[in-house]
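Scroll down for the structure; my scribbles are underneath it.
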Amino acid sequence: MPPLPGPDLPALLGLLDLAGIAVFALSGALLGAQLRQDIVTMGFFALVTGLGGGSLRDLLIGAPVFWIHDPRLAAVCLGMAIVAWFTPRRPWEEDLLNWADALGLAAYAVIGTGKALAYAVPPVPAVLMGVITACVGGIIRDVLAGRPSILMRRELYVTAAALAATLACLSQLAGLSTSIGWPVAIAAGFALRAMA
Amino acid sequence: MPPLPGPDLPALLGLLDLAGIAVFALSGALLGAQLRQDIVTMGFFALVTGLGGGSLRDLLIGAPVFWIHDPRLAAVCLGMAIVAWFTPRRPWEEDLLNWADALGLAAYAVIGTGKALAYAVPPVPAVLMGVITACVGGIIRDVLAGRPSILMRRELYVTAAALAATLACLSQLAGLSTSIGWPVAIAAGFALRAMA
Amino acid sequence: MPPLPGPDLPALLGLLDLAGIAVFALSGALLGAQLRQDIVTMGFFALVTGLGGGSLRDLLIGAPVFWIHDPRLAAVCLGMAIVAWFTPRRPWEEDLLNWADALGLAAYAVIGTGKALAYAVPPVPAVLMGVITACVGGIIRDVLAGRPSILMRRELYVTAAALAATLACLSQLAGLSTSIGWPVAIAAGFALRAMA
């Protein structure tokens, strides 16, 4: 897990964080499978999608990159590639994945903003760090796959991340406990994404 | 403003720096508008184009990323996206933007080289840092938009940046004051770009 | 040369390192030539292909980027662009380049893994750093050129890098001297790539 910004972080978010990496990694691996790539390329897509956004955030704010010294995170991504490799396609799969992706998106945006604020980044760049955490892994995945990125295709994708990140930042500026502000921000981002 | 390399920096360059970010951000936002994207994606393109090159330069030379702790810079980029959103297209617009872009390109190449030299980077990599500062934001913008990058389309784009960066580096190695060497380097890069 | 992980590094590897940069840079420059680009863009492709993977590795593990303070490395890449510019195409060229590329790929994967381990990165991320060192320069080159990346085209490319990196990591964990473990790892990665 990346270093998180405070001791009153709801335990729910710790779980969401690892679950978010797994869901994003799975979406990358499944794209690799759709493109008829082998397990190695599926693993590459899983890693890029699951870890790319948080890596760029950490580089920009000057934090140690969160997955370099915690080998479990890369292992989770590679594990999801193996899961995707062995799982036959099922009709309900895409729906489930979309819901999980929407939850991961909102959670990542909030966690990224919280980490940036914990590193004394001012509000506007901190919100941008949340958006980067949530969206950049998927954007790199799409660029590598040579298809139009989520940036161009689904307008409420970046917007939902921006909403969740903004609410997380405002609630923290207003002095709200993260155990109240963060779940509200995640729910709002998730709801906006689910509407799309 | 990014930390700049010395006290004798002409005030003109400080203005060019902020103006350069604004012009590059505007070009990104306008591309988003041409691609019929919403305001959020236009803002994303504005940020990437305005801040991408300098961010990569700072990561490579080990400097704190210039816009993370100065919230005005990201705000300027987002402001340009709003300007682009509300401004009706005008026939003279593209011409004006091209001239401003040429000026921003040359100024950025010089500023990037100066910052790298101030961080004790040797001449050849320092010139490359100037080129990266000037060109990488536009390259990422083009890759994200799925169109051939400036690298491939307009041969004198990177060349003009390389000329400005090289002259800035040579003038500094020759001991010239930046208040003489930098405007000359910018003018030369601008002239070469304007010829294309 | 990038700082290398230990005093018992075979001298052969020091040469392979510089030779690897040169070969990768040449492959980038030749792609630029095929795309009928000018010398400046060929130089850009040479730099990205030769230095891109190692740059990302160094950023992720928190090391100073290896070519910023050693101007010879960027100069070698630019020199290869000039070589590619002046050399007429020859029929045997592509074959020779493919063999050299396979050797560079395996050597880079091993060197990248060794450097990560020397920076106390745990085994799984360290192997990934080897793969990144070997493959990311070529991936960025392909994305910039707007063609399907090596990730998608040639399945045994990333796989060969992963094999060499894994063997290098295992041999180091098993306490083997790098003067035995590294050549074996390089030979295995090279053999797998050569089979493709």
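Below, the figures for the structure above:
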quantity: Ranked B:55, B:177, criterion: other C-beta atoms within 10 Å, fewest first; calculated: B:177, B:55
quantity: Label point 7 Å beyond Cα along the C-beta direction, distances from residue A:170 to other copies (nm, shortest first); calculated: 5.5, 5.5
quantity: Expected 222 nm ellipticity per residue - DSSP helices of 4 or more, -39500 (n - 2.57), all of the protein assembly as shown, to 500; calculated: -26500 deg cm²/dmol
quantity: Calculated Rg and Dmax of the protein assembly as shown using C-alpha coordinates, Å; calculated: 23.2, 70
quantity: Fluctuation leader among A:143, A:131, A:121 - chain A, Gaussian network, Cα springs under 10 angstrom; calculated: A:143
quantity: DSSP loop trypsin sites (Lys or Arg not before Pro) with at most 12 other Cβ within 10 Å: longest gap in chain A; calculated: A:90-196
quantity: Ascending count of other beta-carbon atoms within 10 Å, so fewest first, for B:113, C:159, B:87; calculated: B:87, C:159, B:113
quantity: For the range B:126-196, average projected area of the Cα convex hull in nm²; calculated: 4.6
quantity: Whole-percent pair-distance distribution, where bins are 10 Å wide, for the alpha carbons of the range C:27-76; calculated: 27, 44, 24, 4
quantity: Rg [Å, one decimal], Dmax [Å, integer] - the range B:46-127, C-alpha atoms; calculated: 15.1, 46
quantity: FRET efficiency for residue A:94 and residue C:36, using Cβ-Cβ distance with R0 set to 45 Å, rounded to 0.05; calculated: 0.60
quantity: Pair residue B:184, residue A:180: separation of 7 Å Cα→Cβ label points (nm); calculated: 6.4
quantity: Spatial separation of Cα centroids for the range A:100-168 and the range B:35-70, in angstrom; calculated: 14
quantity: Estimated FRET transfer efficiency (residue C:72, residue A:75; beta-carbon r; R0 35 Å; 0.05); calculated: 0.40
quantity: Chymotrypsin sites (Phe, Trp or Tyr not before Pro) restricted to the range A:49-126 and DSSP loop, no more than 11 other C-beta within 10 Å; calculated: A:92
quantity: GNM top mover of A:43, A:181, A:53 - chain A, alpha-carbon springs below 10 Å; calculated: A:181
quantity: Fewest-first ranking of C:129, C:152, using other Cβ atoms within 10 Å as the exposure measure; calculated: C:152, C:129
quantity: Copy-to-copy label separations for residue A:120, where each label sits 7 Å from Cα toward Cβ, in nm and ascending; calculated: 2.3, 2.3
quantity: Estimated dipole of the protein assembly as shown in Debye, rounded to 20 [Cβ of Lys and Arg +1, of Asp and Glu -1, Cα centre]; calculated: 640
quantity: Viscosity 0.692 mPa s, 37 °C: Kirkwood-radius Stokes-Einstein D of chain C over Cα pairs, µm²/s; calculated: 200
quantity: Shortest-first distances to equivalent copies, position residue B:86, nm, label 7 Å out along Cβ; calculated: 5.8, 5.8
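Coordinate-derived values only; no laboratory data. Everything numeric here is computed off the predicted structure, so don't read it as measured data. Counting neighbours? That spans all protein chains shown, and the Cβs are built from the backbone with ideal geometry, glycine included.
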